1. Within a 10 angstrom radius of the beta carbon, how do Ser98, Ser5 rank from fewest other beta carbons to most?
2. What pairs in Lys40/Lys81; Lys35/Lys81; Lys8/Lys81; Lys35/Lys63; Lys8/Lys119; Lys40/Lys63 have C-alpha atoms more than 26 Å from each other?
3. What number do you get for the range 40-86 when its Cα radius of gyration is normalised by 2.2 N^0.38 Å, N = residues?
4. Suppose R0 equals 35 Å; then what is the FRET efficiency for Lys40 and Thr15 from their Cβ-Cβ distance, rounded to the nearest 0.05?
5. Could you identify which residue out of Ala75, Ala25, Ala107 has the top mean-square fluctuation in a GNM of the chain using Cα springs shorter than 10 Å?
6. Expressed in nm², what is the orientationally averaged projection area of the convex hull enclosing the Cα positions of the range 14-74?
7. Cα convex hull of the range 30-127: mean projected area in nm², to one decimal?
8. Please arrange Glu42, Glu11, Glu76 by counting, for each residue, the other beta carbons lying within 10 Å of its beta carbon, fewest first.
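We did not get these values from a lab; they are worked out from the coordinates using the rules stated. The shown structure was predicted, so the numbers you read here are calculated from the model rather than taken from an experiment. Here Cβ is always computed from backbone atoms with ideal geometry, including for glycine, and neighbour counts include all displayed protein chains.
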Amino acid sequence: MPVRSIVKIDEELCTGCGLCVTPCAEGAIEIVDGKARVMKEELCDGAGFCLAVCPEGALTVEKREAPAFDEDAAAEKIAEKLAAHVTITQTCMNCGRSEDDAVLFPARHRGDSVWVCVKCLPQLIHG
Ligand code: SF4
């Protein structure tokens, strides 16, 4: 098995809020028994886009032995998610525009994990 980056979920900190499910493009994270879990390690590419959305700081990326990332399986999982409409729509913390209308970035702001749109990002950075 290769050594690579992969998401680690701290079960003690995770409240099962589900905010990390949608940002995981590959559909690797699901909520099971009230906790987020990487259901199949080969679906997690270790990019870490889910990290910033967790309000509890339960997500980190670690390097360890894990099955190689399976691009085809991940694409299949994304298609399944879209077909089932299992998504949580994120909104900009400043103007409220949804991800349907704007490009949103995950960010940390004053200790919170937030989403901010491309228009409001400079304001967030410069105050
Ligand atoms: S965002 Fe954090 S607290 Fe919420 S389900 Fe995911 S890991 Fe758990």
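1. Working: Ser98 13, Ser5 16.
Listing Ser98, Ser5 from fewest to most nearby Cβ atoms yields Ser98, Ser5.
2. Numbers: Lys40/Lys81 15 Å; Lys35/Lys81 19 Å; Lys8/Lys81 22 Å; Lys35/Lys63 22 Å; Lys8/Lys119 32 Å; Lys40/Lys63 16 Å.
Over 26 Å Cα-Cα: Lys8/Lys119.
3. Details: Rg = 12.5 Å, N = 47, 2.2 N^0.38 = 9.5 Å.
For the range 40-86, the normalised Cα radius of gyration is 1.31.
4. Numbers: r = 23 Å, r/R0 = 0.65.
Working from the Cβ atoms, E equals 0.95.
5. Ala75
6. Values: hull surface 15.8 nm².
Computed as one quarter of the Cα hull surface, the answer is 4.0 nm².
7. Details: hull surface 31.3 nm².
The orientation-averaged projected area of the Cα hull of the range 30-127 comes to 7.8 nm².
8. Details: Glu42 17, Glu11 11, Glu76 14.
The fewest-first ordering by Cβ neighbours comes to Glu11, Glu76, Glu42.
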